[in-house]
Amino acid sequence: LRRSQARWDELVQIYDRHLALLSPKVVTDLVELLIEQGDVWYQKLSRVDRATEVYNQALTLDPHSQGAMHALGVLYERSGNWPLALDLLQREAELSRGAAAVELWTRAGKIHEDMLQDAGSAKAAYQRALGIDAAHLPSLRQLKGLFQIEHDDAGYLKALIQEAKATH
């Protein structure tokens, strides 16, 4: 009801009451509620500090919560906190499978490449993505571009051949 009425402050208080009533043994439910509360703090009330606190609380309860990792990683990525964003992206990628993991490794590569100017780490992230999906064109193209900038003809040629195979 509070959500449909856009009464966000009251909704946060309701989450607090629910969290207080839940048994500490029901970690999954606690983490889920904390993530939902963090989303309200961040998306509806624009309180990055409170959202960060709540998402971190969820991760403390369940260090393998992909929902908490994802939410906190997005928050850090949008605020430009690259080291923490990368840590969470990589942790989430390690727990993910298939296309989701490929996307996370590619995002990590882009942060290394574009924001931190760390070509070595960017290449490693793109290669992790390609280790999961050898035909992932965005990772192949980024990797190929890095090889070209570095004048690594062998790496460039290998990536070019891999890209050609992926497009046929």
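The values are calculated or read from the model by the stated rules, or taken from the named source; none is laboratory data. Being a predicted model, the structure only gives us computed values, none of them experimental. Glycine gets a Cβ as well: all are built from the backbone with ideal geometry, and neighbour counts include every protein chain shown. SASA here: full protein model, heavy atoms, side chains in, ligands and nucleic acids out. Shrake-Rupley method; radii C 1.70, N 1.55, O 1.52, S 1.80 Å.
Where does the chain land at 222 nm, in deg cm²/dmol rounded to the nearest 500, when only DSSP H runs of n ≥ 4 count, each adding -39500 (n - 2.57), divided by all residues?
Numbers: 9 runs with 124 residues, N = 168.
Computed mean residue ellipticity for the chain: -23500 deg cm²/dmol.
Can you divide the C-alpha Rg of region 56-154 by 2.2 N^0.38 Å and report the result to two decimal places?
1.10
Each peptide in 142-148, 7-13 was scored by the mean count of other Cβ atoms within 10 Å over its residues; highest first, the order is 142-148, 7-13. With R₀ fixed at 35 Å, the C-beta to C-beta distance from T167 to L95 puts the FRET efficiency at about 0.70.
If you roll a 1.4 Å probe over the chain with all protein chains in place, what percent of the accessible area is carbon or sulfur?
On the way: 5030 of 9380 Å².
C and S atoms contribute 54 percent here.
Shown is the FRET efficiency for R7 and H64, computed with R0 = 35 Å from the Cβ-Cβ distance and rounded to the nearest 0.05: 0.60. Students often forget the sequence filter, so: which aspartates and glutamates lie under 13 Å Cα-Cα from K110 once same-chain residues fewer than 8 apart are removed? Leaving aside aspartates and glutamates fewer than 8 places away in the same chain, those within reach of K110 are E77, D118. Under a model in which nothing but the beta-carbon of Lys, Arg (+1) and Asp, Glu (-1) is charged, the chain shows a dipole of about 320 debye around its Cα centre.
Rounded to the nearest 20 debye, what is the charge dipole size of region 94-168 about its Cα centre when +1 sits on each Lys and Arg Cβ and -1 on each Asp and Glu Cβ? The partial results should precede the final answer.
Details: 9 positive and 10 negative charges, 47 e Å.
Dipole of region 94-168, to the nearest 20 debye: 220 debye.
Taking only the alpha carbons of the chain, we obtain Rg and Dmax values of 19.7, 62 Å in that order.
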